[in-house]
Amino acid sequence: MAWKRRVDSNIRVGYHRGMPLHEYLSFRDGELFLDDVSAGQVAREFGTPVFAMSETQLRRDTRRWRQALEDAWPDGPTALLPAFKANTCLALRHVLNEEGVGCDTFGEHELRAALSTGADPACVSLNGTNKSEEAIRLAIEHGVRITLDSLREVEMVSALSGNAPRPALVRLRLRPGGETLTGPSDFSDRGDSIAGVAAAYRPGFALADAERAARSIVGSRGMRLVGTHTHLGRHTTSLAAWAGVVSDHVRQIARISAACGGWRPSEIDLGGGYAERGSPVGQAIAGREAPQEPPPPEQYTRVIAQAMRAAMRQHGFDSRGVALQLEPGRAIYGPAGVHLTRVVNVRRSPERPDRRWVELDTTEQFLADVVLEHARYPFVLANRVSAAPSVPVDLTGASCGFDIIAAGIPVPEDIAAGDLVALLNTGAYAETQTTNFNAFPRPATVLLSGDLVDVIRRAETPAEVFSRDRVPARLLRSEDT
């Protein structure tokens, strides 16, 4: 379905009250437009709540990251492997296939889904803890890189690759570290250090086990150790911290190299955790200073490449010909997404008349990072973008919990039922973590490209929420049988 482009001289882009707007967003006659379609038109046609993704923005940011990495690392090949888990809509994976980028998959089910879209197996990584035999078998069959996470997995790959026509391509996942990880983690509301939070996260080899694993792989006929992997995650936007992670990773590679008689990696995957403009992560933590805008791709890649080159030189490695890979899933998917939701009711607290709740038809069950990562999504009153905010309210959802999507944010005094709220930067990890709590059917996802809008994941029906249930005959009343 498509709508004709609306030509309008009153278009404003860039910033909205200090909030960065991505290129596909604009204001036209007081309304928010996504590409060339008004947010109101999307809401009327597909209902609310609804997730909307801009194909235009997704392609733009993918190309920017890809070019930035290529420019920063002329030493060898480069590859982007955006995490499939960040947004599992198959249509979006088809877009990224067209853009020539690979993907990082977690476990068998994501791997099967990614391969089903035609993703090039040579550009796919199988990641994750507790991999199943079937996942490893599938990766070996298709020539997918297997990012090993434990000695158990080394043994599994060894056993399953024995009769394979070609060796299994494997990398070792090493735990991130470094002296620069002393700052606070954006995941923590208690001021925990990045190092402390990262240490509590289980994936990755301890260095001694990595050395042991590498020795067994290098001496194996069924496996080929092509490189290493690390993943810090979205703890910080500090470029110094990222440089420290890179330096520490190369130090670990040097230890493994020495343990294996001079083995050298042909590829190094530095994982993900890179923030996007307008990043919502950690924004809801009380008392935290307003963060600066995250570094752009060009800065991230430049600092990482410089740190990589310097550390390799320090440890006697030649960087020429070594492939450098990044997994910027959040930074690529996040900006392309908007979540549209209607105001259902506005109410005041009887105990505190100054407290107002604006009740929406969405829920934190569709925006899990509000709880998991203290996210506060930038928002726009999409049908009245020029209305001046004047009163603080809590934006709340429809579930039976507190369901506070954003606390103490300013909105126009006359906000009312029917107003349309657009939550921005919801393209990563929002739709993929939706749940059916309170028996809510999950929303649809639509894809915008210019003035075209397509449903790429339909809305769930109320009946489908319970479609997996089976009631034993002995529990059915006679009138039900």
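Only a single item in (1) surrounded by fewer than 21 Cβ atoms within 10 Å (Cβ to Cβ); (2) without any contact (Cβ under 8 Å) to a residue 60 or more places away in the chain is not met by PHE33, and it is number (1).
The single residue among ALA311, ALA286 that is over 30 Å from LEU423 (Cβ atoms), out of contact with any strand residue (DSSP E or B) (no Cβ under 8 Å at 6 or more places or on another chain) and in the same structural domain as SER216 (by TED's automatic domain parsing) turns out to be ALA311. Can you name the residue in region 159-208 that is touching a strand residue (DSSP E or B) at 6+ places or on another chain (Cβ under 7 Å) and polar (S, T, N, Q) and is also nearest to VAL226 (Cα to Cα) among such residues? Filtering first and then ranking leaves SER161. Do you know which of the residues in region 109-142 that are surrounded by 15 or more Cβ atoms within 10 Å (Cβ to Cβ) and small (Gly, Ala, Ser) is farthest from ALA159 (Cα to Cα)? Filtering first and then ranking leaves ALA119.
Screening region 75-108 for residues that are of a type in the set (Val, Ile, Thr) and within 17 Å of the chain's Cα centre (by Cα) and picking the one that is surrounded by the most Cβ atoms within 10 Å (Cβ to Cβ) gives THR105.
Could you tell me which of the residues LEU324, LEU360 is in contact with a Lys or Arg (Cβ under 9 Å, 6 or more places away or on another chain), over 23 Å from LEU92 (Cβ atoms) and crowded, with 22+ Cβ neighbours inside 10 Å?
Of the residues listed, the single one that is in contact with a Lys or Arg (Cβ under 9 Å, 6 or more places away or on another chain), over 23 Å from LEU92 (Cβ atoms) and crowded, with 22+ Cβ neighbours inside 10 Å is LEU360.
Here the condition is being exposed (fewer than 13 other Cβ atoms within 10 Å of the Cβ), under 30 Å from THR88 (Cα atoms) and not assigned by TED's automatic domain parsing to the domain that holds ARG348; of ARG470, ARG477, it holds for ARG470 alone. Taking the residues in region 411-432 that are on the phi > 0 side of the Ramachandran plot and crowded, with 23+ Cβ neighbours inside 10 Å as candidates, determine which candidate is farthest from the chain's Cα centre (by Cα). Looking at the filtered set, the residue picked out is ASN425.
Every residue, every condition in (1) outside the structural domain of VAL95 (by TED's automatic domain parsing); (2) without any contact (Cβ under 8 Å) to a residue 24 or more places away in the chain; (3) touching a Pro at 6+ places or on another chain (Cβ under 8 Å), yes or no:
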{"residue": "GLU413", "(1), (2), (3)": "yes, yes, no"}
{"residue": "ALA417", "(1), (2), (3)": "yes, no, no"}
{"residue": "ASN425", "(1), (2), (3)": "yes, no, yes"}
{"residue": "ALA430", "(1), (2), (3)": "yes, no, no"}
{"residue": "PHE440", "(1), (2), (3)": "yes, no, no"}
{"residue": "ALA444", "(1), (2), (3)": "yes, no, no"}
{"residue": "ASP454", "(1), (2), (3)": "yes, no, no"}
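If you check VAL346 against the conditions, is it β-branched (Val, Ile, Thr), farther than 27 Å from ASP35 by Cα and without any contact (Cβ under 8 Å) to a residue 40 or more places away in the chain?
Values: β-branched (Val, Ile, Thr): yes; farther than 27 Å from ASP35 by Cα: yes; without any contact (Cβ under 8 Å) to a residue 40 or more places away in the chain: no.
Criteria not met by VAL346.
Is it true that GLY271 is on the phi > 0 side of the Ramachandran plot, buried (at least 18 other Cβ atoms within 10 Å of the Cβ) and not in a helix (DSSP H, G or I)?
Numbers: on the phi > 0 side of the Ramachandran plot: yes; buried (at least 18 other Cβ atoms within 10 Å of the Cβ): yes; not in a helix (DSSP H, G or I): yes.
It is true that GLY271 is on the phi > 0 side of the Ramachandran plot, buried (at least 18 other Cβ atoms within 10 Å of the Cβ) and not in a helix (DSSP H, G or I).
For region 335-342, the criterion of being over 28 Å from ALA122 (Cα atoms) and free of Cβ contacts under 8 Å to residues at least 24 places away in the same chain is met by no residue.
The numbered conditions (1) under 28 Å from ILE217 (Cα atoms); (2) in contact (Cβ under 8 Å) with a residue 24 or more places away in the chain are all true for ALA275 except (1).
The values are calculated or read from the model by the stated rules, or taken from the named source; none is laboratory data. None of the values given here were measured: they were computed from a predicted structure. For neighbour counting, all protein chains shown are included, and Cβ atoms are generated from backbone atoms with ideal geometry for every residue, glycine included.
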